[in-house]
1. Compute, for region 19-128, the length of the dipole vector about the Cα centre, with Cβ point charges of +1 (Lys, Arg) and -1 (Asp, Glu) only. Units Debye, rounded to 20.
2. Run through the DSSP bridge list for the chain and note the antiparallel percent, rounded to the nearest 5.
3. Give me the distance in nm between label points sitting 7 Å out from Cα along the Cα-to-Cβ direction at R240 and A27, one decimal.
4. For n ≥ 4 DSSP H runs only, could you compute -39500 (n - 2.57) per run for the chain, divide by its residues and tell me the 222 nm figure to the nearest 500?
5. Cα centroid distance between region 211-246 and region 5-20, in Å?
6. Charges at C-beta only: +1 for Lys and Arg, -1 for Asp and Glu. How large is the resulting dipole of region 182-244 about its Cα centre, in Debye rounded to 20?
7. Taking every pair of alpha-carbon atoms in the chain, what share in percent sits in each 10 Å bin, from 0 to the bin with the longest distance?
8. What residues qualify as long-range amide H neighbours of H243, i.e. H under 5 Å apart, gap of 5 or more or another chain, H built at 1.01 Å from N?
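Where a number appears in this text, it was derived from the coordinates with a stated rule and is not lab data. Remember, it's a predicted structure, so these values are computed and weren't measured experimentally. When we count neighbours, we look across all protein chains shown, and the Cβ atoms used for this are built from the backbone with ideal geometry, even at glycine.
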Amino acid sequence: MEEGCSVGPFTIIENGAILGRGCVVKAHAVIKGSATLGEAVEIDHFAVVGGNPQHLGFDPSTPSRVDVGEGTRIGEGVTLHRSIEKGGVTRIGKSCFLMGYSHVAHDCTIGESCVLANGALLGGHVSLGKRVFMGGGAAVHQFARIGSGVMVGGLAEISVDIPPFLMVTGRNKSSGLNLTGLKRQGTSLKSISELKRCYLDLIKNYGSPTKRSQQMLEEGSFTSTEAKEFLNFLSMQRRRYVHHRT
């Protein structure tokens, strides 16, 4: 434990846990020995960081960890589980906010500045890009990928991959680009225009976008960073993609 940390009453911090400078751990929180907290991480009441994964075949003697990035806030009752793999890591990026009773399962990777609202649930091996917002009660199936800048509505059911910068509601349905989020990030009008063209071509057309996105990258007609990120995500197909809500 580095200097400047604050630990509340009835907190449990197991041997092997690493706390960076200026961490705040409030009453009744549990920091397991598999947890590493960066600087200025805040852990609220009754949260459990580094618990064993909910996996029937898991061997508790497996050495694995949870890493929480600097400046991240973990709300009350949140559960973060360590990896099921030997030497594996569940990663939470810096400056994230995991609100009350949200859950991050084993082997997830969460990018910086993400928000999980109350009761949001991530299955095992889920990956989130930067600045993703998960609405309250939303649930994501294991192994799903969610790109940067995505906004997922409350109570959404996600079992497919979601390309960057989209808004998603209900069961795997896209409502279009997250234009408000893009504008708040200072995205240029040119980049937004290119993203709109990508979206119309690849998401609203119900065909397989993988080969088409690879072709568009090779053609080089899209030059903005955001459009290239969108196309690169789609070119690496692992499962089905979200479709446009009709």
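1. 120
2. Taking every DSSP beta bridge with both residues in the chain, the antiparallel ones total about 5 percent.
3. About 4.9 nm separates the two model spin labels.
4. -5000 deg cm²/dmol
5. Between the Cα centre of region 211-246 and that of region 5-20, the gap is 44 Å.
6. 300
7. So the P(r) values, bin by bin, are 8, 32, 30, 19, 9, 1, 0.
8. S174
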